[in-house]
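Notes follow once the structure below has been shown.
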Amino acid sequence: MQQLKQRVTARPYLWYQLYWVVYLIWFFTLDHLITNPKYIIWSPLDDKIPFCEWFFIPYCSWFFLLAGVTALLWWNDTPNYRRLCACMFSGMTFCLIVYMIWPNGLNLRPDLSALGRENLGTFVMQLLWSADSPTNVCPSIHCQSTGCMALCMSNSTLAKSRPWLKWLAWGWALLICASTVLTKQHSIIDVVLGLAMVVPWYFIFYFGKKGA
C-alpha cells in the first residue's frame, strides 16, 4: 500500500482532469442555449455515406479509449500524459469557442421509423439522438480528441516496445472517426477539421524529436 501511495505521489498531474468539469458545464450550457444553429454543416459526400446503426459500438467506445489511454499514460508515461492533456484540452476549448462565435449544426439524421427495421442499433441510436442534439458539431470534438489520444499513445514509451499498440491506437481511432459519419452524428467536414487540429501538435511534440 505504501508503495502504491509513493507511485501516485510521483505522478502529481492527475488534477489536470479537473478540466472535464469546466468542459462539461461549458458544453452542456452551449447545448442548452444553441438550439437553432445559424450554420448547417453539409457536404455532398455526406449524402453518399450510408447510415449504419451498428457503428454505435465504435462510436460509444470513445469513452473506453479515453479512460484507457488517459490512465495508461498517467501511470506509465507522465511526459506523454501531459502532452495528451495539452493537445486534447486545448483543442476541445478551441472547439467550444468556435461553437460560441459560429453556432453550427446538422440536418443529416434519418427518420428511424422509415428505415423498415428495428434492432438494438436503432434503439441505441434513438437514445443517443434524444440525449445529444445535432448542434455544436464542427469541428468534431469526438474526432479531435480521438486523434490526440492515438497520437500520444502511439508515441509513448509503452508503444516503443509494443508496435501492436500503435496499430491498435490508430485502428481504434479510425473506427471511431468513421462511426461519427456512419451514425450521422457528424458531417465529413466536421471530421476533417477535427483531425486537422491534431496535426500541429505532432510537429510541436514529436516531429524530428527522437525519444519523445
Seminar exercise, completed: Filtered pair list for the chain (Lys only, Cα < 29 Å, 8 or more apart or interchain) has a length of 9
Problem set entry | Principal axes of segment 132-212: Cα extent on each, largest first, Å | 42, 24, 17
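Tell me, what is the FRET efficiency for residue 167 and residue 54 to the nearest 0.05, using R0 = 25 angstrom and their Cβ-Cβ distance as r? Please report the intermediate quantities before stating the final value.
Working: r = 23 Å, r/R0 = 0.90.
Rounded to the nearest 0.05, the efficiency is 0.65.
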Exercise. If you line up the long axis of helix 78-101 against the longest principal axis of the chain, both from Cα atoms, how many degrees apart are they, to the nearest 10?
Worked result: 30 degrees
Exercise. Counting Lys +1, Arg +1, Asp -1, Glu -1, what net charge surrounds residue 156 among other residues with beta carbon under 13 Å of its beta carbon?
Worked result: +4
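Percent of accessible area on the chain owned by carbon and sulfur, 1.4 Å probe? Before the final figure, lay out the partial values.
Values: 8050 of 11470 Å².
The computed percentage sits at 70.
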For this session: May I ask for the net charge around residue 133, where only other residues with Cβ less than 12 Å from the Cβ of residue 133 are counted and Lys, Arg are +1 while Asp, Glu are -1?
Result: -1
Seminar exercise, completed: For segment 56-66, in residue order, the Karplus 3J(HN,Hα) values (coefficients 6.51, -1.76, 1.60; θ = phi - 60°; whole Hz; Gly and Pro = x) are 5, 5, x, 4, 6, 5, 3, 5, 6, 5, 4
For this session: For residue 77, enumerate residues with amide H under 5 Å from its amide H, sequence gap 5+ or separate chain, H modeled in the peptide plane.
Result: none
Exercise. Taking only C-alpha pairs under 8 Å that are 6+ residues apart, what is the relative contact order of the chain in percent?
Worked result: 31 percent
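Of all chymotrypsin sites (Phe, Trp or Tyr not before Pro) in segment 28-91, which ones are in loop regions per DSSP and have a Cβ with at most 14 other Cβ atoms within 10 Å?
Numbers: sites: 28, 39, 42, 51, 54, 55, 56, 59, 62, 63, 64, 74, 75, 81, 89; in loops: 42, 51.
Hits after loop and neighbour filter: 42.
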Exercise. Roughly how many Å² is the accessible area per residue of segment 54-212, as a whole number, for a 1.4 Å probe?
Worked result: 46 Å²
Exercise. Using 7 Å Cα-to-Cβ label points, what is the residue 118/residue 202 separation (nm, one decimal)?
Worked result: 4.6 nm
Exercise. Between residue 29 and residue 14, what is the label-to-label distance in nm when each label sits 7 Å out along the Cα-to-Cβ direction?
Worked result: 2.8 nm
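Leaving ligands, DNA and RNA out of it, rank 60, 95 by accessible area with a 1.4 Å probe, largest first. It would help to have the intermediate numbers written out before the result.
Working: 60 35, 95 0 Å².
Putting 60, 95 in descending order of accessible area: 60, 95.
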Exercise. So what is the orientation-averaged projected area of segment 1-154, using the convex hull of its C-alpha atoms, in nm²?
Worked result: 11.4 nm²
Exercise. Using θ = phi - 60° and the Karplus form 6.51 cos²θ - 1.76 cosθ + 1.60, what ³J(HN,Hα) does each residue of segment 110-127 get, whole Hz, x for Gly and Pro?
Worked result: x, 7, 4, 5, 8, 6, x, 8, 9, 7, 4, x, 5, 5, 5, 5, 4, 5
Problem set entry | Selection from 136, 94, 70 lying farthest towards where the dipole of the chain points positive, charges on Cβ | 70
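The values are calculated or read from the model by the stated rules, or taken from the named source; none is laboratory data. Computed from a predicted model, the values in this text were never measured in an experiment. Glycine also receives a Cβ, built like all others from the backbone with ideal geometry; neighbour counts cover every protein chain displayed. Note: accessible area is taken over every heavy atom of the protein model, side chains too, but ligands, DNA and RNA are not part of it. Shrake-Rupley method; radii C 1.70, N 1.55, O 1.52, S 1.80 Å.
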